[in-house]
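Colleague: If you scroll down you'll find the structure; I have some questions about it.
The values are calculated or read from the model by the stated rules, or taken from the named source; none is laboratory data. What you see is a predicted model, and the numbers here were worked out from it, not measured in a lab. Cβ atoms come from the backbone with ideal geometry, glycine included; neighbour counts cover every protein chain shown.
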Amino acid sequence: MTLTNWAGNTAFRAKVVHHPTSLSELQSLVAGSPQVRALGSGHSFNDVADAPGDLVVLDRMPDAVEIDSAAASVRVPARTTYARLAPILHQAGFALANLASLPHISVAGSVATGTHGSGDAVQGLAAAVSALDLVTADGSVLTLSRGDADFPGAVVSLGALGIVTTLTLDLVPSFEIRQYVREGLKVDALAHFDEIMGGGYSVSLFTDWRDTRVWVKTTGELTADDWYGTRAADGPRHPLPAMQAESCTLQLGVPGPWHERLPHFRPDFEPSGAGDELQTELILPRRHAVEALRALFAIGERIRPVLHISEVRSIAADDLWLSPFRGRDSVGIHFTWIKDVAAVMPVVELVERTLAPFEPLPHWGKLFTRRPGCPDDFRELARRLDPAGKFANDFTRILLGE
């Protein structure tokens, strides 16, 4: 049986798939393999996780979650999903500052590819990492912590430095969120883009480049009848207008715990279209957002035939070397496509050309054709920690210019 990613559009080339049950077993596997990579939850849409040699899946490794209340941090196994982690943290009175739209994804895989949620004042998921352990090419364990010289290069790393086994994440006190959906946002309202995106703890725009809805997740109440020209949804909504909302987290302003409102989707349902889709996301500096969005609305007729929905989110800057948010407050423009690679890729190229003047960077786990240059600091780190390319694949070799 062929092993594929979640969407089924990428088949992994691994000769052998290993399921180690202990750290020592993993270390031996890595030390003895000429080529090896780890696979998380498989929610990438390109070949970033592909393995030309051995593939390691950490689903049988120990899975204890260790909360340090005094330090407001948690140490988690790489395999842990946010769906499993979040209720444990909430029960202990803690929260993560941000979550992605899907709670089904693994912590290590999400961090390694620069995955994020939305919020003007909140950073991507990787920015919560304060320490990590990884098994390096010779089988030894390297621990890096915030403040170490190599730490900013090891967090968003695309699996190119070693196999991450545990991560330590910053925590905040648990909090409640209300979620509202507003409909009928007009293109002219982009003049108020900053106010709209700052109108809640986490705000997303969902659009087909004709009709736009706003998802507002806020710690307070949203009481305005006419909020930037929109109207309140009269019932629960799914981001894809044609789909029923039972898989979505509770809306209509009902307060609930952070982990039951920040994601768009509930963990007890298959996410989104259950794999029947492809995805692209381009990350732009916040200052270009309005001009870039207007450019995309202008080609909406070209985008819509292969589009399920687009989502626009805001992300605060971080200092991680391969992060698309490095040194710049950002806006992510996400495209959920129909599952037809031949029809979709020409439109991906059109979107990339349209956004080229606005300094776009890709989400590493999505579909894109224009590969950015690799920062010199990350290239040097990868060559130092993995000189023989044990953890390399086609994706990372192209990135590193090898």
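Colleague: Does S323 fit the bill of being small (G, A, S), within 17 Å of the chain's Cα centre (by Cα), surrounded by 19 or more Cβ atoms within 10 Å (Cβ to Cβ) and part of a loop (DSSP other than H, G, I, E, B)?
Modeller: Working: small (G, A, S): yes; within 17 Å of the chain's Cα centre (by Cα): yes; surrounded by 19 or more Cβ atoms within 10 Å (Cβ to Cβ): yes; part of a loop (DSSP other than H, G, I, E, B): yes.
Considered against the rule, which asks whether it is small (G, A, S), within 17 Å of the chain's Cα centre (by Cα), surrounded by 19 or more Cβ atoms within 10 Å (Cβ to Cβ) and part of a loop (DSSP other than H, G, I, E, B), S323 comes out as yes.
Colleague: Ok, one more. Quick one: what pairs do we get from the range 183-199, first residue more than 21 Å from P241 (Cβ to Cβ), second among the acidic types (D, E), C-beta under 8 Å, 6+ apart or different chains?
Modeller: From the range 183-199, the pairs are M197/D120; G198/D120.
Colleague: Count, please, the residues in the range 298-320 that happen to be surrounded by 15 or more Cβ atoms within 10 Å (Cβ to Cβ) and either of a type in the set (F, W, Y) or closer than 24 Å to G114 by Cα (or both).
Modeller: The initial filter retains those residues of the range 298-320 that are surrounded by 15 or more Cβ atoms within 10 Å (Cβ to Cβ), namely 299-300, 302-303, 306-318, 320.
Of the ones still in play, those that are also either of a type in the set (F, W, Y) or closer than 24 Å to G114 by Cα (or both) are 307-318, 320.
Going through the range 298-320 one residue at a time, the tally reaches 13.
Colleague: Can you tell me which residue within the range 1-29, out of those that are touching a residue at least 40 places away in the same chain (Cβ under 8 Å) and hydroxyl-bearing (S, T, Y), is surrounded by the most Cβ atoms within 10 Å (Cβ to Cβ)?
Modeller: The selected residue is T10.
Colleague: Oh, and also: Among the residues of the range 110-120, is any of a type outside the set (V, I, T), touching a Lys or Arg at 6+ places or on another chain (Cβ under 9 Å), assigned to a helix (DSSP H, G or I) and surrounded by 21 or more Cβ atoms within 10 Å (Cβ to Cβ)? Show your work before the answer.
Modeller: If we filter the range 110-120 for residues that are of a type outside the set (V, I, T), which is where we start, we get 110, 112, 114, 116-120.
Now drop any that are not touching a Lys or Arg at 6+ places or on another chain (Cβ under 9 Å), which leaves 116-120.
So of that shortlist, the ones also assigned to a helix (DSSP H, G or I) come out as none.
Looking through the range 110-120, none of the residues is of a type outside the set (V, I, T), touching a Lys or Arg at 6+ places or on another chain (Cβ under 9 Å), assigned to a helix (DSSP H, G or I) and surrounded by 21 or more Cβ atoms within 10 Å (Cβ to Cβ).
Colleague: I'd like to verify a number: residues in the range 336-369 that are within 27 Å of D319 (Cβ to Cβ), over 19 Å from the mean Cα position of the chain (by Cα) and among the charged types (D, E, K, R), how many?
Modeller: Total satisfying the criteria: 2.
Residues checked against (1) aromatic (F, W, Y); (2) in contact with a helix residue (DSSP H, G or I) (Cβ under 8 Å, 6 or more places away or on another chain):
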residue: V122; (1), (2): no, no
residue: D133; (1), (2): no, no
residue: L161; (1), (2): no, yes
residue: F193; (1), (2): yes, yes
residue: G199; (1), (2): no, no
residue: W227; (1), (2): yes, no
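Colleague: Quick test of your reading of the structure: A70 fulfils all but one of (1) touching a helix residue (DSSP H, G or I) at 6+ places or on another chain (Cβ under 7 Å); (2) hydrophobic (A, V, I, L, M, F, W, C); (3) more than 27 Å from P285 (Cα to Cα). Name the failing condition by number.
Modeller: (1)
Colleague: Go through the range 1-36 and report how many residues are at pLDDT below 90 and among the hydroxyl-bearing types (S, T, Y).
Modeller: Restricting attention to the range 1-36, the residues satisfying the condition of being at pLDDT below 90 are 1-15.
Within this subset, residues satisfying the condition of being among the hydroxyl-bearing types (S, T, Y) are 2, 4, 10.
Here the count works out to 3.
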